[in-house]
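The values are calculated or read from the model by the stated rules, or taken from the named source; none is laboratory data. Quick caveat, the model's predicted, so the values are computed rather than measured. Here the Cβ is made from the backbone with ideal geometry for all residues, glycine too, and neighbour counts use every protein chain on show.
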Amino acid sequence: MDTYWSSPQGTYETRRQAYLEYCAAQAPGERTGFFSQIARLELGIDVDEKPIREAIDFVYTNQDCNDFTMGGFLRILYKFHDSPHISRELIAEIEKTLLWFKYWWDEPGLKGRCFWTENHQIIFHSDELLAAQLYPEATFQDGNTGQYHMEHALHYIRRWLTFRVRFGFSEWLSNCYFEEDLLGLVNLYDFAQQEDVREQAGGLIDMLMYEMAMHTYRGVMGCSHGRTYAWLIKGGRREHATNTAKLMFGMGVYNSPNILGTICLATSDYRCPPAIAAIAADLDQPRLIKERHSLNIADAHKYGLSYDSLDDGHLYWSIQDYVHPTIIGLNERLIRTYDVLIHEDYQSLYSRLYQWQVDEFGEIVDPQMECHAMTEVHIQTYRTPNYMLSAAQDYRHGNPGYQQHPWQATLGIDAVVFTNHPGSDDEIARPNFWAGNCILPRVAQHKNVLVSIHHVPENDPFPYSHAYFPRDAFDEVVERGNWVFGRLGEAYIAMYSQHKVTWHEDRYNDAHPIIEARAESPDNVWIVEMGDAAQWGNFENFVAIVEDAWIQVDPLAVSYESPSVGEVSFSWRGKFFVGEDTVELHNYPRFDNPYCKADFDAREYVIQYQDMSHTIAFDI
């Protein structure tokens, strides 16, 4: 792992060269390790054939995610087909995989792969288009020609691009799946023959860079995420997006030679617009950022979408709300027609949660619970010179969760704080001990203050919520009653737990640092108050004032006299009040921030930073 940069450094070209050299020095294997060899080809260095041959073998196993592998192979064929640094024999072996591959569920062949999530969709479709462009007259494994596959892919590519323009990303602000979206988009931007596809792909790359610029704090994408994994949120040193942040914005760390999006960007003609890069470094004063992504299936008809169209199902499946009653028939038709299983079997989880609803409400009030769903989300991020706080406001609380990450406080690359309700006793399952929630909390944020209420069954296998609070990552940690305070440099965090926490070591780290603050209760109110030296002076003053703040906690309700924003009141079902004002947790526009204001379902976005401007316009 290379040096972490917390402030912008270097030029784009020097950072690009450094990342390519970092990748070229390594040769991991498996499905995407060979992306390091793309860096070697870009630098004019002979490849190590072993990881590429391992990737070829992986494609033929037809295991899930071999579409990622194909995306890398296509990048090699388009950019480096005639390179003297890769053998003709190896190029020929890569070429054979293109005609063998199954590009969509409507083709014959083995099952077992995920076709339907947002990131897989665009990678499968871009793979199909680029392979078909190379072999328009050839016959593919399904018996169709390249020309047929080109038309087939373009249909779905244009729909996918249109959906993202109109509704944002269902896998919102993902610090891993944005990288995979970039694999498909950068390949289209560089190699698609159709001008409209190249232009829209470029516009969406700009949009992803803009999202990352706003929601990255000093190289750490420490915001709420639609999907993530434990190793990506336990600090920022292992997250995927930090590689792109360092390449594009000069802040972050290079931590892997096979980050799909970063490798593609580093070997592309794409350049981040200067206004967007400048926004990532806009850390002189607090910035309040609000935005909206995705949609609720019940509202799809408002946007001219059908509940009976397989084409519109393309959007619903990317949202992953598979059991909504309006699309059950559509899903059954897909499964019956193409023998596709579009969700995992969580029936045992649902049975347990159905019983909880009966115990809680006297009846099953929500028979269509879908843990995977990444429906309409309203996000607030508050970024200051010393910290960032981000939340998905009032998001699906009480429903089963999957990989959704409702909130996070970020003070540095190692000093991050969040809570969750564990879904398992490991860091592999989805949800697991740290990533995702078995039952989603109710979260509300107003600038630098956040409340998270966890409410789970008493007989749950994990009848508690806990906070990730890595004590060693802070310069100081102080406990006062039910408050835990942390300082990193001039950044301060105060975390209140309704039930006093107990501390536990990291069982998944051989060094066993103390990272877990557990509230041993099925119900718990967590409060976060953030500040810094500019606001409070020294840390001792911050601790004394916040510790003395009035708090009243009733069952699943809290009132807190925040010394910075005033009285905050929130509950499991009620409105969110700051003082006497109701704070809107829903109905956000697509963007509402100092750099861009745009309605949801807009087609044009004007991004302004000081005297720099960049317009992203989509002709759809």
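The figures follow:
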{"quantity": "Whichever residue in region 287-314 is of a type in the set (Ser, Thr, Tyr) and over 22 Å from residue 333 (Cα atoms) and, among such residues, is surrounded by the fewest Cβ atoms within 10 Å (Cβ to Cβ)", "calculated": "303"}
{"quantity": "All positions within region 252-275 that are over 22 Å from residue 407 (Cα atoms) and under 19 Å from the mean Cα position of the chain (by Cα)", "calculated": "253, 254, 255, 256, 258, 259, 260, 261, 262, 263, 264, 265"}
{"quantity": "Residues of region 11-66 satisfying the condition of being under 26 Å from residue 125 (Cβ atoms) and in contact with a Leu (Cβ under 8 Å, 6 or more places away or on another chain)", "calculated": "32, 35, 39, 42, 52, 62"}
{"quantity": "Matching residues, region 325-344, being among the hydrophobic types (A, V, I, L, M, F, W, C), under 20 Å from residue 296 (Cα atoms) and at pLDDT 85 or above", "calculated": "327, 330"}
{"quantity": "Region 264-288, residues that are over 23 Å from residue 235 (Cβ atoms) and of a type in the set (A, V, I, L, M, F, W, C)", "calculated": "264, 265, 266, 272, 275, 276, 277, 278, 279, 288"}
{"quantity": "Residue ID - surrounded by the most Cβ atoms within 10 Å (Cβ to Cβ), chosen from residues in region 459-479 that are under 13 Å from residue 502 (Cβ atoms) and touching a residue at least 60 places away in the same chain (Cβ under 8 Å)", "calculated": "465"}
{"quantity": "Selection status of residue 517, of a type outside the set (Lys, Arg), in contact with a helix residue (DSSP H, G or I) (Cβ under 8 Å, 6 or more places away or on another chain) and within 21 Å of residue 410 (Cα to Cα)", "calculated": "no"}
{"quantity": "Hits in region 326-339 - residues which are surrounded by fewer than 18 Cβ atoms within 10 Å (Cβ to Cβ) and in a helix (DSSP H, G or I)", "calculated": "326, 328, 329, 332, 333, 335, 336, 337, 338"}
{"quantity": "Conditions (1) among the small types (Gly, Ala, Ser); (2) surrounded by fewer than 22 Cβ atoms within 10 Å (Cβ to Cβ); (3) under 30 Å from residue 382 (Cβ atoms); number of the one not met by residue 146", "calculated": "(3)"}
{"quantity": "Some residue of region 596-618 being more than 27 Å from the chain's Cα centre (by Cα), surrounded by fewer than 18 Cβ atoms within 10 Å (Cβ to Cβ) and touching a residue at least 24 places away in the same chain (Cβ under 8 Å)", "calculated": "yes"}
{"quantity": "Unique match (being in contact with a Phe, Trp or Tyr (Cβ under 9 Å, 6 or more places away or on another chain), of a type in the set (D, E, K, R) and surrounded by fewer than 19 Cβ atoms within 10 Å (Cβ to Cβ)) among 580, 529, 584, 540", "calculated": "584"}
{"quantity": "When residues of region 1-27 are limited to those that are more than 24 Å from the chain's Cα centre (by Cα), loosely packed, with under 15 Cβ neighbours inside 10 Å and not polar (S, T, N, Q), the one nearest to residue 91 (Cα to Cα)", "calculated": "25"}
{"quantity": "Inter-residue pairs, beta-carbon under 6 Å, first among the β-branched types (Val, Ile, Thr) and in region 181-194, second outside any helix (DSSP H, G or I) and crowded, with 24+ Cβ neighbours inside 10 Å, 6+ apart", "calculated": "none"}
{"quantity": "Given (1) within 19 Å of the chain's Cα centre (by Cα); (2) hydroxyl-bearing (Ser, Thr, Tyr); (3) over 22 Å from residue 561 (Cα atoms), index of the condition residue 424 fails", "calculated": "(1)"}
{"quantity": "Residue match in region 347-364 (condition: modelled with pLDDT of 75 or more and outside any helix (DSSP H, G or I))", "calculated": "yes"}
{"quantity": "Selection count where residues are in a strand (DSSP E or B) and in contact with a His (Cβ under 6 Å, 6 or more places away or on another chain), scope region 545-584", "calculated": "1"}
{"quantity": "One residue from 279, 297 being in contact with a strand residue (DSSP E or B) (Cβ under 9 Å, 6 or more places away or on another chain) and aliphatic (A, V, I, L, M)", "calculated": "279"}
{"quantity": "Residue within region 167-178 that is acidic (Asp, Glu), in contact with a Lys or Arg (Cβ under 6 Å, 6 or more places away or on another chain), in contact (Cβ under 8 Å) with a residue 40 or more places away in the chain and closer than 30 Å to residue 392 by Cβ present", "calculated": "yes"}
{"quantity": "Options 213, 266: the member that is of a type outside the set (Val, Ile, Thr), in contact with a helix residue (DSSP H, G or I) (Cβ under 8 Å, 6 or more places away or on another chain) and within 25 Å of residue 608 (Cβ to Cβ)", "calculated": "213"}
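Table: residues versus (1) part of a loop (DSSP other than H, G, I, E, B); (2) more than 19 Å from the chain's Cα centre (by Cα).
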{"residue": "373", "(1), (2)": "yes, no"}
{"residue": "380", "(1), (2)": "no, no"}
{"residue": "395", "(1), (2)": "yes, no"}
{"residue": "398", "(1), (2)": "yes, yes"}
